[in-house]
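Chemist: I am attaching a structure below and will ask some questions about it afterwards.
The values are calculated or read from the model by the stated rules, or taken from the named source; none is laboratory data. What you are looking at is a predicted structure, and each value in this text was computed from that prediction instead of being measured. Note: ideal-geometry Cβ built from the backbone for every residue, glycine included; neighbour counts use all protein chains shown.
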Amino acid sequence: MNETTGDDRRLPPALADVARTGFDYDDGNGIDFEPYSSFCSAEETTSWLRQWTGNPEVDGDAYRLFGQDGTGGLAALWYGRPGRPLAEQPVVFLSSEGQCGVVAGNLSDFLWMLADGCGPFEAVMYGADESRPDAALTALAERHATTPRRPAHAILTEARAEFPSFAEDIEKLCR
C-alpha cells in the first residue's frame, strides 16, 4: 500500500458537511450513501480491510473510511498520491460484494460527483452516465470545491484513467 502523510483522522470540513447532509435513496433513484460523522479508527479500518481481502497481513493505513452504502460497502479516501494532503487523495469504493474502484480523483471532484447525483456505490456498480443534479449538494460543492464543476461521468473517467490498476492491485491483496 502507499505511505500516508500522518495519521489525521479528522474529517476535512467538506466531508463534515457531507456527513450532515441527508441522502434519500428514494427507491433506487437517489444516492445510496450513508456518510459517517468521523473517519473509522485505524484499528477498525485494518480489521475491515483484512476481512474484505481475507488477508491477515494487510493494514488499513492507506485508507480513511468515511461512509457506506446500504449493504455495507465502504467509501474511503485512499492515499494514492504519497506526500499530498488528504483532500487531494482519490476517493474509492469497495462494495460488500467484492467490486471496487476509484470514484473521484480527489475530495473536490467527489463533491461535484455527489452534486451531479452520483454516489460512490452508483459510480462503481453502474457508472455515472445519468446526470441527476441535486441543489443542496451543488450548494455544498460550490462552498468547498477547488476543482471546476464537471459531470460525474467526466470525473469518473478521469479518476479511472489516473489510477487504472486500483481494482487489480486490491485483487492481488485478496486471499
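Chemist: Which condition does residue 102 not pass, out of (1) at pLDDT 95 or above; (2) outside any helix (DSSP H, G or I); (3) in contact with a His (Cβ under 7 Å, 6 or more places away or on another chain), if it passes all the others?
Modeler: So the condition that residue 102 fails would be (3).
Chemist: Another one. Is it the case that residue 108 is in a loop (DSSP other than H, G, I, E, B), in contact (Cβ under 8 Å) with a residue 12 or more places away in the chain and touching a His at 6+ places or on another chain (Cβ under 9 Å)?
Modeler: no
Chemist: Could I ask something else about it? What are the residues in the stretch 117-136 that are closer than 22 Å to residue 168 by Cβ, buried (at least 20 other Cβ atoms within 10 Å of the Cβ) and of a type in the set (Gly, Ala, Ser), if any?
Modeler: 123, 128
Chemist: Would you point out which residue out of 82, 56, 90 is surrounded by fewer than 22 Cβ atoms within 10 Å (Cβ to Cβ), modelled with pLDDT of 95 or more and either of a type in the set (S, T, N, Q) or out of contact with any Pro (no Cβ under 9 Å at 6 or more places or on another chain) (or both)? Explain how you work it out, then say what you get.
Modeler: Numbers: 82 fails: modelled with pLDDT of 95 or more; 90 fails: surrounded by fewer than 22 Cβ atoms within 10 Å (Cβ to Cβ).
Selected residue: 56, the only one of 82, 56, 90 that is surrounded by fewer than 22 Cβ atoms within 10 Å (Cβ to Cβ), modelled with pLDDT of 95 or more and either of a type in the set (S, T, N, Q) or out of contact with any Pro (no Cβ under 9 Å at 6 or more places or on another chain) (or both).
Chemist: I would also like to ask the following. Do the conditions hold for residue 84, that is, is it over 15 Å from the mean Cα position of the chain (by Cα) and touching a residue at least 12 places away in the same chain (Cβ under 8 Å)?
Modeler: Taking the combined requirement at face value, the residue satisfies it.
Chemist: Also, I was wondering about something else. Conditions: (1) part of a loop (DSSP other than H, G, I, E, B); (2) crowded, with 20+ Cβ neighbours inside 10 Å. Residue 114 meets all but one. Number of the miss?
Modeler: (1)
Chemist: Given (1) over 24 Å from residue 131 (Cα atoms); (2) in a loop (DSSP other than H, G, I, E, B); (3) in contact with an Asp or Glu (Cβ under 8 Å, 6 or more places away or on another chain), where does residue 11 come up short, assuming only one miss?
Modeler: (3)
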